[in-house]
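One structure is given below, encoded as structure tokens.
The values are calculated or read from the model by the stated rules, or taken from the named source; none is laboratory data. Everything numeric in this text was worked out from a predicted model, so none of it was measured. Cβ coordinates were reconstructed from backbone atoms using ideal geometry, including for glycine residues, and neighbour counts include every protein chain displayed. Surface accessibility is based on the protein's heavy atoms, side chains included, excluding ligands, DNA and RNA. Shrake-Rupley method; radii C 1.70, N 1.55, O 1.52, S 1.80 Å.
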Amino acid sequence: MFKKIKKQALIVATVSGLLTSLQADAQSSSQGKGLKDYYQSYFPIGVAVSPASLKDTALRALILQQFNSLTPENAMKMGPIHPQENRYYWDNADAIVAFAGANGLKVRGHNLCWHEQTPAWMFIGEDGKRVSKEILLKRLKDHIQTVVGRYKGKIYAWDVVNEAVDDDSTKFLRNSTWYKICGEDYIYEAFKYAHEADPNAVLFYNDYNTERPEKRERIYRLLKKLVDAKIPIGGVGLQAHWSLYEPSQKELIATIEKFASLGLKVQITELDMSVYPWEKQSRALHAGESAEFTPLLDQKQADQYRMVFEVFRKYKDVITGVTFWNISDKHTWLDEYPVRGRKNYPLLFDQQNHPKKAYWEVTRF
Ligand code: GLA
């Protein structure tokens, strides 16, 4: 196999992109080494998955070769797993946990309390009106203790509260329905409930744009309150939905150091590197807007990935996990968001699941 690929590669030596990709495949398959092996003495390397991806032969092989930790992309979110007050839907979450167990992979649970993908019933009482704080906290407790309890000992880390800090830099906490009914107490209580259900699980607060100085400060303010109140929080998740344009090395380092100064661990929980500048609002494709992954973008992305992984390795005492959000460019949530139908190429593997230039940059050290 290796010889054949090498010969082929020589024939097309003038086509440098193709050559690189053929050599890359040959190297990766001949050595059988994956990201998890390069980073064995650093931190686990994870990936967000759906149950369907675990049934796809090619994706399953890629996952097992490259990664040693899984995050359910959607299966454990409150809406999918707890669609009605007295009904849980376990099949998808169970399938992911069983696959991880059978193959010796870790599992990060994601997530227990968020303002999105929360079922409508959670906030509504029998009278059709908004529930009281007391009832909502009771429901939150039941939810967290049932889900965390079911996977006790099988899930080593949980994103307990997701994205509680507002996008508006002049505000502090997001004015979500959780906040409207409970004030900030829901955040404190969520961590306590999760800790009661599994005292060994490491509990995280998880958010995005954590490297932007103004948001970093507001997240720090929340984390400090939790730490000062002796809430059982073990770490902070940097979602890391990044791009060719941000973060800078300086911003990334400042964030890691600032959060670590509270005694918290840091995990990179949803890493991808969009080739477009960040846009918050969902929108449709403009006429004439197209999306091609040019050699220039390939190179810029490799440079940005190299930079962030250099930082991760340097801070390996603080960083306890790095997880990618989706497996390869064949499927990424960024194909639909924020611009519906605009192809994006944010991961280390291309649409044929082959390693990209960025892959070799993060494994060559
Ligand atoms: C947030 C959530 C993730 C996922 C992404 C978009 O970052 O934490 O679970 O929904 O948005 O895919």
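Could you put F309, F365, F172 in order of accessible surface area, largest first, with the 1.4 Å probe and the full protein assembly present?
Solvent-accessible surface, decreasing: F365, F172, F309.
Let me know the charge dipole size of the chain about its Cα centre in debye, to the nearest 20, where only the beta-carbon of Lys, Arg (+1) and Asp, Glu (-1) is charged. List each step's numbers first, then the result.
On the way: 50 positive and 44 negative charges, 166 e Å.
It works out to roughly 800 debye.
Can you give me the long-range amide H partners of K265? Hydrogens built in the peptide plane at 1.01 Å from N, cutoff under 5 Å, separation of 5 or more residues or another chain.
Here G235, V236 satisfy the definition.
Connecting C-alpha atoms closer than 10 Å in a GNM of the chain, tell me which of N103, N344, N162 has the biggest fluctuation.
For the chain, modelled as a Gaussian network with Cα springs under 10 Å, the answer is N103.
Pulled fully out, how much extra length does the chain show between N86 and Q249, if you take 0.36 nm times their separation in residues and subtract their Cα-Cα distance?
Roughly 53.9 nm would be gained on extension.
Return an integer: the convex hull volume of the alpha-carbon atoms of segment 216-295, in Å³ per residue.
121 Å³
If you split all Cα-Cα distances of the chain into 20 Å bins from zero, what percentages do you get per bin, shortest first?
Final binned percentages: 28, 58, 13, 1.
What does DSSP give for the chain in terms of the percent of beta bridges that are antiparallel, rounded to the nearest 5?
Values: 5 of 40 bridges.
Just about 10 percent of them are antiparallel.
Please work out the average accessible area per residue across the chain, using the 1.4 Å probe convention, and give it in Å².
Heavy-atom SASA per residue in the chain reads 45 Å².
Take the chain, mark every one of the trypsin sites (Lys or Arg not before Pro) that falls in a DSSP loop and has at most 11 other Cβ within 10 Å, then report the longest stretch left between them, sites excluded.
It works out to 1-128.
Taking R0 as 45 Å, what FRET efficiency do you get between K129 and D56 from their Cβ-Cβ distance, rounded to the nearest 0.05?
0.50
Assigning unit charges at the beta carbon (Lys, Arg +1; Asp, Glu -1) and nothing else, what dipole magnitude in debye, to the nearest 20, does segment 173-289 show about its Cα centre?
Dipole size: approximately 340 debye.
For segment 57-68, just list the computed ³J(HN,Hα) in residue order, Karplus coefficients 6.51, -1.76 and 1.60, θ = phi - 60°, integers in Hz, with x standing in for Gly and Pro.
4, 5, 5, 4, 5, 5, 4, 5, 6, 9, 10, 10
Residue by residue through segment 311-322, which ³J(HN,Hα) values in whole Hz follow from phi under the Karplus form 6.51 cos²θ - 1.76 cosθ + 1.60 (θ = phi - 60°), with glycine and proline marked x?
Residue by residue, segment 311-322 yields 5, 4, 5, 5, 9, 5, 6, 9, 7, 10, x, 9 Hz.
Using modelled amide H (1.01 Å from N, peptide plane; none on Pro or chain starts), what sits under 5 Å from the amide H of D350, excluding residues fewer than 5 places away?
D329, K356
Between beta-carbons, use under 14 Å as the cut-off and find the net charge around A201, counting Lys and Arg +1, Asp and Glu -1. Please report the intermediate quantities before stating the final value.
On the way: positive: K106, R108, R150, K152, K154, K192, K265; negative: D159, E196, D198.
Residues near A201 contribute +4 overall.
Would you compute, from DSSP H runs of 4+ residues alone, the mean residue ellipticity of the chain at 222 nm, taking -39500 (n - 2.57) per run and dividing by the full residue count, rounded to the nearest 500?
When only DSSP H runs of four or more count, the value is -13000 deg cm²/dmol.
Quick one: if the Förster radius is 22 Å, what FRET efficiency do E116 and Q145 give, using the C-beta to C-beta distance and rounding to 0.05?
0.50
Among L59, V147, A48, which residue has its Cα positioned farthest towards the positive end of the charge dipole of the chain, with +1 placed on the Cβ of Lys and Arg, -1 on the Cβ of Asp and Glu, and the dipole taken about the Cα centre?
Checking the options against the dipole of the chain, the answer is L59.
Of K215/K316; K171/K225; K106/K141, which sit over 19 Å apart, Cα to Cα?
K215/K316; K106/K141
Suppose we flag GluC sites (Glu not before Pro) only when DSSP calls them loop and at most 15 other Cβ atoms lie within 10 Å. Which is the longest uninterrupted stretch of the chain? Display every interim value, and only then the final one.
Details: sites that count: E85, E116, E126, E184, E279, E289, E292, E336.
Between exposed loop sites, the widest span is 185-278.
Which one of A93, A287, A164 has the biggest mean-square fluctuation once the chain is modelled by GNM with Cα springs under 10 Å?
A287
Convert each backbone phi in segment 334-350 into a coupling constant with the Karplus relation 6.51 cos²θ - 1.76 cosθ + 1.60 (shift: θ = phi - 60°), then list the ³J(HN,Hα) values in order as whole Hz, x for Gly and Pro.
Once rounded to whole Hz, the list reads 6, 5, 10, 9, x, 10, 5, x, 9, 5, 10, 9, x, 10, 8, 10, 7.
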